[in-house]
Amino acid sequence: MQWIGLLLSTACATAAGCTSNPPTSSETGADTIPVALPDLGVRTYLGLEGGLYPGGSNVMPVAHATRGRERASQIRPLDVEGSASPSGKVVLLSVGMSNTSQEFCNPPAENPLICRGEQPFMPRAERDSEVNHHSLVIVNGARGGHAVDAWDHPSDSIYDRVRDDVLLPQGLSEAQVQVIWLKQANRGSSARPSLPSGDADAYVLVEALGRTIRTLKVRYPNLQHVFLSSRTYGGYAANPRTNSPEPYAYETGFAVKWLIEAQIRQVEAGVVDPRAGDLGPAVAPWIAWGPYLWANGMEPRSDGLVWRREDFHADGIHPAPAGQGKVATMLLRSFKIAPERRCWFVAGPVC
């Protein structure tokens with residue numbers, strides 16, 4: 001299981017950060033201070049356990065990882081009708097809001113098929129000789145102005161626009177979408193309480209993400225994997241009333257953590273989470289963390305990641321080229337490491 005150590009070390013270096021000797025509560029202060037979830041580990045924030053996975057761990061549970069590899073074995077080139085074909089394609093699609101779109105491709109408003117600059121994920125993947133450029137097609141479906149409530153029902157118009165404006169012009173279909181990177185947030189987060197309120201924005205996001213995961217499986221019937229990321233740092237928000245600043249950006253990490261743990265518990269214990277809803281294999285793809293993106297501004301994570309003011313545009317929320325590059329680097333590396341990802345993302349390996 002050498003890959004598990006490699007994945008964990010990469011997560012420490014690029015996606016989440018880890019430390020064998022995490023700081024104590026006396027070193028970080030009370031548990032009201034936000035600490036990156038992987039650095040938080042078994043310690044707490046407002047009484048809520050950290051870590052990316054259950055038990056404060058940053059390592060995916062073995063049973064869940066096994067299910068991920070089983071789903072990966074079903075990822076194969078498909079034709080537009082969804083049938084296996086040597087000349088078919090595997091579509092990796094981004095789903096989310098403006099930040100997601102800018103970090104993934106940064107298209108101009110008038111043409112969703114063009115990526116601007118060299119920093120976003122798609123241009124970087126295109127230049128990377130390790131990436132599968134034969135059967136893998138990377139497509140940006142994320143769009144500005146489309147928070148999670150725009151994606152949580154199969155009849156939402158954004159799905160038709162992705163089909164008609166992004167997939168069809170490239171000779172692709174919804175049946176070929178098998179992997180998704182999902183990064184989302186609620187619209188108007190700061191109008192709601194933050195944690196630990198029972199009505200906190202993070203709890204509302206868990207419900208919306210659960211609906212979205214089930215919707216994605218309806219629209220993309222051959223979808224196998226969804227990798228989720230929470231937000232980057234929100235402390236530079238120029239207009240805190242409208243830009244959902246901290247702690248809302250940080251707390252989206254708990255929403256993603258709880259959603260993934262809900263699927264793990266349901267499959268292993270048969271318990272459906274009342275907020276996340278049904279995430280069983282009949283109605284949902286396998287879900288796991290993509291890169292964990294949050295760091296507390298200029299305070300370095302254990303892997304050294306910081307978010308500088310110049311990583312963002314004037315609004316303090318949307319990523320400037322430097323910020324796009326940071327996310328793209330973490331995202332690219334996250335797809336190259338674990339067997340359930342590299343076997344379809346990297347040229348050569350098979351699932």
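Where a number appears in this text, it was derived from the coordinates with a stated rule and is not lab data. From a predicted model like this one, the values you see are computed outputs, not experimental measurements. When we count neighbours, we look across all protein chains shown, and the Cβ atoms used for this are built from the backbone with ideal geometry, even at glycine.
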Query - Calculated FRET value between L48 and S87, using beta carbons and R₀ = 41 Å, to 0.05 - result: 0.25
Query raised in the report: Tell me, what is the FRET efficiency for N111 and S73 to the nearest 0.05, using R0 = 30 angstrom and their Cβ-Cβ distance as r?
Result: 0.25
Query raised in the report: What number, in percent, do you get for the relative contact order of the range 65-345 if the mean sequence gap of Cα pairs under 8 Å and at least 6 apart is divided by its residue count?
Result: 22
Requested in this report: Using only C-alpha atoms and all pairs of different ones, pull out the Kirkwood radius for the range 208-279 in Å with one decimal.
Outcome: 13.8
Query raised in the report: By counting other Cβ atoms within 10 Å of each Cβ, how are L172, L182 ranked from fewest to most?
Result: L172, L182
Requested in this report: Diagonalise the Cα gyration tensor of the chain and give the resulting equivalent ellipsoid semi-axes, square root of 5 times each eigenvalue, largest first, whole Å.
Outcome: 29, 23, 21
Report task. Subtract the Cα-Cα distance of R308 and H134 from 0.36 nm times their separation in residues, and report this length gain in nm to one decimal. Result -> 59.0 nm
**Report entry** Förster-model FRET efficiency, 35 Å R0, V62 and R187, C-beta, rounded to 0.05
**Finding:** 0.40
**Report entry** Charge dipole (debye, nearest 20) of the range 65-345; +1 at Cβ of Lys and Arg, -1 at Cβ of Asp and Glu
**Finding:** 400
Report summary line: Taking K336, K217, K257, K183 and counting other beta carbon atoms within 10 angstrom, the fewest-first order is K336, K217, K257, K183
Report task. Quote the charge dipole size of the range 129-230 about the Cα centre in Debye, to the nearest 20; the model charges only the Cβ of Lys and Arg (+1) and of Asp and Glu (-1). Result -> 60
Query raised in the report: Based on Cβ point charges of +1 for Lys and Arg and -1 for Asp and Glu, what charge dipole magnitude is obtained for the range 41-158 about its Cα centre, in debye rounded to the nearest 20?
Result: 340
Requested in this report: Take S87, S98, S334, S73 and order them by how many other Cβ atoms sit within 10 Å, fewest up front.
Outcome: S87, S73, S98, S334
**Report entry** Whichever lysines have a C-alpha closer than 22 Å to that of K217, once near sequence neighbours (fewer than 8 apart) are set aside
**Finding:** K89, K183, K257
Report task. Would you calculate a helix-derived [θ] at 222 nm for the chain, using -39,500 (n - 2.57) for each DSSP H run of n ≥ 4 and dividing by the full residue count, to the nearest 500? Result -> -9500 deg cm²/dmol
Report task. Determine the percent antiparallel among the DSSP beta bridges restricted to the range 65-345, to the nearest 5. Result -> 15
Report task. In whole angstrom, note down how far apart the Cα centers of the range 184-199 and the range 208-285 are. Result -> 14
